[in-house]
Structures are given as structure tokens and as C-alpha cells.
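The structure appears below as C-alpha cells.
The values are calculated or read from the model by the stated rules, or taken from the named source; none is laboratory data. Predicted model, so just to flag it, every value in this text is computed and none were measured. Quick note on the areas: whole protein, heavy atoms, side chains included, nothing else; ligands and nucleic acids left out. Shrake-Rupley method; radii C 1.70, N 1.55, O 1.52, S 1.80 Å.
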Amino acid sequence: MKQQRKRRKQHPFYIAFALVVALLAGLQALFHFRLPATATAAVVAPQQQIPQSASVYEDVQTDEDASDAEEVDDIIEAAVDTVMEVPIQTSVGTRRGTYIWSYSECFSDSQATQLSAALLNGITPAESRDQLQAMLNRRQLIDIRHSSLYAVDPLNHSMPYLVPKAQQLLNTIAINFLDSLHRKGLPLHRPIVSSVLRTVDDVARLQQGNKNATTNSCHSYGTTIDITYHRFQPLSSGTRHNVTRYDDELKYVLAQVLFDLRRQGRCYVKYEHKQACFHLTVR
């Protein structure tokens, strides 16, 4: 009898204990299944973003034959139209949130650093411009003049040729620049390339009037580009003489684009005072 009374007293305790265990198990199951559902919803419904057009340009901008160049140009113009059709977002992405506190400090990659990258990624320097034609035929070099994304200055001391990797970088810079301008609500402009590939003869001629020109120049390898920050060409303009000059806002947006690509390990960049350009080499 005593044992039966003892079991009756313990029975409510077991019931309570079972209820607590069941409650804890239910809470664990609830949190276990609901959290992934929230994360999945965030992935399924992201904010509308600009299409990753840079990869498109890198793929298509490789054929420099005259007939194919027109087709490539049409593809690029259509992609630029796509950029302009995307509504401007109020949210700021990494590129538009980049803070440039000092041009000289943010872009301080030395000649030696850029030369190492040029030696790794570039061609054997050509003695004269005649030697460059064979490299163009073998597609070691790309003629960069056939593009709607950027403008190329009349070149006196260099040729408009780059190795494919550097040409892809230039395309990415240009489309990211257009993307950033559009998202900020600024007028669309093309960056302007002011110097590209130099032969040994070009470097020798340049040194006659520019004591700062170095004999072993990064520009000799087809990996290096100078983009001016004092002039930008309006996208609606069909002539290179119609430019926007000394626009600090455009300069700053270009710097943000370059800083972001530099941080991604795509290039080295040097801020040039006298030449008024960003001197950059592909990595």
C-alpha cells in the first residue's frame, strides 16, 4: 500500500516533466525550421541589381576586324542602353560607397610594382611599330579603338594596342564607370585613354621631351593604360573634341571605380600629377 501511494505521488511529476520536454522539443523544431526559411526568402527576393555587363564586354570585345568591330559596337551600345533603362536605386553598393580620402595615398603603386605585373602579363617589348603587326595577327594584342565605352586620344607616343587581359580590364573600368554615373543620377560620360603601348623607339622619342620618361617603361608590355582625369567625353557626343573638362565629380567617380578594382586585385594604379592621369597596369 505504501508503495502504491508513493507511485501516485510521483505520477504528477512525471507528467510535468514530459510536458516540459515536449515543449522544449517543439521550440527547438520551430527555430530549426523557421530560420532557414527566412534566409531563403532573402535569397529568393533580392534587391533589383544592375546586370553584370562587364563580363559581356570582356567576352565580345576581342575581334578587331573592321566588319566584326561594327557588330561588337552594336552589342556594346545595346548593353549601354540596358544600363540606362535600369531604375536608379536608393541603396548604395560597394563601388558607390567607396571613400577616396587622398588620390595620392589611395593610388600609390610604384613603377617597380607595376613593372613586375607588366613582365608577368605582357608581351616582349617591340623595337618598332612594324613589329606590332605580327602580334596583332597572332592576337597577342588587341586594337582598342573600336569601342563605344571609352574614347582614345590621338596618340603621338604610343599605339592603341593592349594584351587581351588589359583590354578586358579597360572594358570593365568603362562599364563600371557608366554604371556608377547612372546610379548617382549623373550625366553619362566615357573615360578617355591618353596613352597605351609604346615601342622602344617611342620611349626613346618621348625621353627627348620628357625627362621623367623611363627606359624600361610599363607601357612597353601592352599591359598599361593611362586614363586622364581632366577630360571626359559625354556619351551622347560623337566627336572626341566635345569633352567635359575639370569635373571633380566625374574624377571622383572614376577614382571609386579604380579603387574598387584595385582592391579586388585586378590592377595596380598610380595617381600622376604632371600627366593628369591614372596610370594603371593589369594584374
Exercise for the section: Ignoring everything but the protein chains, give the 1.4 Å probe accessible area of Arg138 in square angstrom, nearest 10. Expected result: 150
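In cubic angstrom, how much convex hull volume per residue do the alpha carbon atoms of segment 214-283 span?
Working: hull volume 8.2 nm³, N = 70.
Convex hull volume per residue, Cα atoms: 117 Å³.
For Gln131 and Ser104, calculate 0.36 nm times their separation in residues minus their Cα-Cα distance, and state this gained length in nm to one decimal. Kindly include the intermediate steps, with their values, before the conclusion.
Details: separation 27, 0.36 × 27 = 9.72 nm, distance 3.61 nm.
Between Gln131 and Ser104, full extension yields an extra 6.1 nm.
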Handout entry: Stretch gain in nm, segment Ala112-Asp153, where the contour uses 0.36 nm per residue and the Cα spacing is subtracted
Key = 12.1 nm
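For Leu186 and Arg205, calculate 0.36 nm times their separation in residues minus their Cα-Cα distance, and state this gained length in nm to one decimal. Can you show the working numbers first?
Values: separation 19, 0.36 × 19 = 6.84 nm, distance 3.97 nm.
Taking 0.36 nm per residue and subtracting the Cα distance, the gain is 2.9 nm.
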Practice task
Using a 1.4 Å probe and ignoring any ligands, DNA or RNA, find the accessible area of His241 and quote it in Å² to the nearest 10.
Solution key: 150
Fill in the blank from the handout: Here segment 118-273 gives, from Cα atoms, an Rg and Dmax in Å of 15.6, 46
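Starting from the residue with the highest accessible area, list Thr124, Thr172 in decreasing order, probe 1.4 Å. List each step's numbers first, then the result.
Details: Thr124 105, Thr172 5 Å².
I get Thr124, Thr172, largest accessible area first.
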